[in-house]
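These notes concern the structure reproduced below.
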Amino acid sequence: MVPAAYVHVTSLPLGPPGKLDRGALPAPDPGAYAARRYEAPQDEVEPALAAIWSEWLKRNPIGRYDNFFELAPTRSWS
């Protein structure tokens, strides 16, 4: 599993029993989330695959490093 965001804290907030108080953790700011820049498909095969994915997923543009399973809506593929 890869974290969606990183937040630097100097100390963890603890509740009365000494356990982590998750509700007291600071919310990540928008810049804390990992983001990938769009890079256009290259070579011979990538543009063809991007066109197929774009048609299948009804999404445009499809970048070089996009993950099909992250872009696909939850549905049965059978």
Note to self: I'd like the carbon and sulfur percentage of the solvent accessible area for the chain, probe radius 1.4 Å, heavy atoms only, ligands and nucleic acids excluded.
What the structure shows: 57 percent
Next item on the list: Divide by every residue of the chain the summed helix terms, -39500 (n - 2.57) for each DSSP H run of at least 4, and state the resulting mean residue ellipticity at 222 nm, rounded to the nearest 500 deg cm²/dmol.
Entry: -6000 deg cm²/dmol
Note to self: Suppose accessible area is computed on protein heavy atoms with a 1.4 Å probe; arrange Val9, Val45 from highest to lowest.
What the structure shows: Val45, Val9
Item checked: Distance in nm between pseudo-label sites at Asp21 and Arg36 (7 Å out along the Cβ direction from Cα) -> 3.8 nm
Note to self: Between 0 and 90 degrees, rounded to the nearest ten: what's the tilt of helix 45-57 against the longest Cα principal axis of the chain?
What the structure shows: 70 degrees
Item checked: Point-to-point label distance, Tyr6-Val45, nm (Cα→Cβ direction, 7 Å offset) -> 3.2 nm
Next item on the list: With a cut-off of at most 15 other beta carbons within 10 Å, and DSSP calling the residue loop, which trypsin sites (Lys or Arg not before Pro) in region 21-56 qualify? Please list them.
Entry: Arg36, Arg37
Check: With the contact rule set at Cα under 8 Å and sequence spacing of 6 or more, what percent relative contact order holds for the chain?
Finding: 22 percent
Margin query: If I compute Rg and Dmax of the Cα atoms in Å from the structure I just sent, which labelled value in (1) 19.5, 61; (2) 17.7, 59; (3) 12.8, 40 lines up?
Written below: (1)
Check: In a shell of Cβ-Cβ distance under 12 Å around Arg59, excluding Arg59 itself, what net charge do Lys and Arg (+1) and Asp and Glu (-1) give?
Finding: -2
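The values are calculated or read from the model by the stated rules, or taken from the named source; none is laboratory data. It should be emphasised that the depicted structure is a prediction, and the values quoted were computed from it without experimental measurement. Glycine also receives a Cβ, built like all others from the backbone with ideal geometry; neighbour counts cover every protein chain displayed. Heads up: the accessible areas ignore ligands, DNA and RNA and are worked out on the full protein's heavy atoms, side chains in. Shrake-Rupley method; radii C 1.70, N 1.55, O 1.52, S 1.80 Å.
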